[in-house]
1. Using only the alpha-carbon atoms, how far is helix 205-239 inclined from the longest principal axis of the chain? Give it as 0 to 90 degrees, nearest 10.
2. Along the principal axes of its C-alpha atoms, what lengths does the chain span, in descending order and rounded to whole Å?
3. Any idea what angle helix 148-176 forms with the longest principal axis of the chain, computed on alpha-carbon atoms, 0 to 90 degrees, nearest 10?
4. Probe 1.4 Å, all protein chains in place: accessible area of Ile220 in Å², nearest 10?
5. What size of dipole, in debye to the nearest 20, comes out for the range 16-240 about its Cα centre when the only charges are +1 on Lys and Arg C-beta atoms and -1 on Asp and Glu C-beta atoms?
6. Suppose R0 equals 30 Å. What FRET efficiency, 1/(1 + (r/R0)^6) with r the Cβ-Cβ distance, do Val193 and Val61 give to the nearest 0.05?
7. Accessible area per residue, 1.4 Å probe, Å², for the chain: what's the number?
8. Could I have the simple spin-label model distance between Ala207 and Leu124, label points 7 Å from Cα toward Cβ, reported in nm to one decimal?
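The values are calculated or read from the model by the stated rules, or taken from the named source; none is laboratory data. What you are looking at is a predicted structure, and each value in this text was computed from that prediction instead of being measured. Here the Cβ positions follow ideal geometry from the backbone for every residue, glycine too, while neighbour counts run over all protein chains shown. Keep in mind that these areas ignore ligands, DNA and RNA; they rest on the heavy atoms of the full protein, side chains included. Shrake-Rupley method; radii C 1.70, N 1.55, O 1.52, S 1.80 Å.
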Amino acid sequence: MTTATTLEAIPARRGAGNRTLNVIRLQLISTQSFVWVPLVIVAGTLAICLIVFAMIPGDGVKPTGAAQAPLWYFAALGVQAMTLTFPFSQAMSVTRREFFVGTLVVGAIGGAMIATLFIALAGLEVITNGYGMNGRIAYLEWLFEPSWASAWLTYFTATLLLYVIGFWAATVYKRFGWLVLTAVGVVLALALVVGLFIITRTESWPAVFGWFAAVGPLAITLIGLGVTAVLAAGAYLTLRKAVV
């Protein structure tokens with residue numbers, strides 16, 4: 001009832017640009033999903049990390065990987081963006097391309113929001129010397145070596161990549177069903193394990209870590225952007241035949 005009422009409040013407009021804008025507005029109807037829940041995750045992650053930092057003795061740097069917590073949430077948002085709003089978007093007479101573009105723009109807005117939030121958090125960590133405990137959540141030195149702008153792009157790319165992965169997974173489900181989605185997941189998991197097996201058996205881990213250190217975070221981020229673009233193109237091709 002609430003969604004239907006809100007849809008009625010969205011005025012019907014002519015033109016592809018306006019219809020894409022309506023898709024963006026439809027995706028952003030729930031401010032809880034795109035604003036408050038990510039903020040709660042970040043606040044909770046920060047609180048937990050501060051307690052953990054306080055428990056660790058010594059004055060050395062205390063880095064964590066906790067920054068990834070809100071990023072994974074965007075994979076769930078990608079799923080939601082497809083499964084909850086796609087049927088309503090078709091009732092708004094928008095094309096699938098307009099739905100795809102509008103939904104991707106929303107993911108980019110969310111990525112920019114998270115990236116900006118983490119840059120602000122990193123600045124706070126620098127100013128306060130890691131909250132007075134030398135803790136590191138957002139300010140990971142290797143990530144910031146190229147520049148702060150590069151670090152912002154890295155957080156943006158990681159968030160958008162997970163959002164697109166979630167969106168594509170939901171699109172595969174809508175197009176082919178659970179069987180194919182599960183099979184794709186199993187194949188990807190097997191490919192990952194086989195890759196790890198080969199690296200381990202050939203004792204190539206030093207070369208792998210050396211490659212990551214040599215190319216640097218900015219190059220890896222640009223590769224991530226390319227992967228995101230490929231996955232987004234795959235999601236669009238799948239969406240064209242997806243059932244409502």
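1. Helix 205-239 sits roughly 10 degrees off the main axis of the chain.
2. 60, 44, 29
3. Between helix and principal axis, roughly 40 degrees.
4. Solvent-accessible area, nearest 10 Å²: 50 Å².
5. Working: 10 positive and 6 negative charges, 180 e Å.
Dipole size: approximately 860 debye.
6. Working from the Cβ atoms, E equals 0.40.
7. Solvent-accessible surface per residue comes out at 54 Å².
8. Distance between the two pseudo-spin positions: 4.4 nm.
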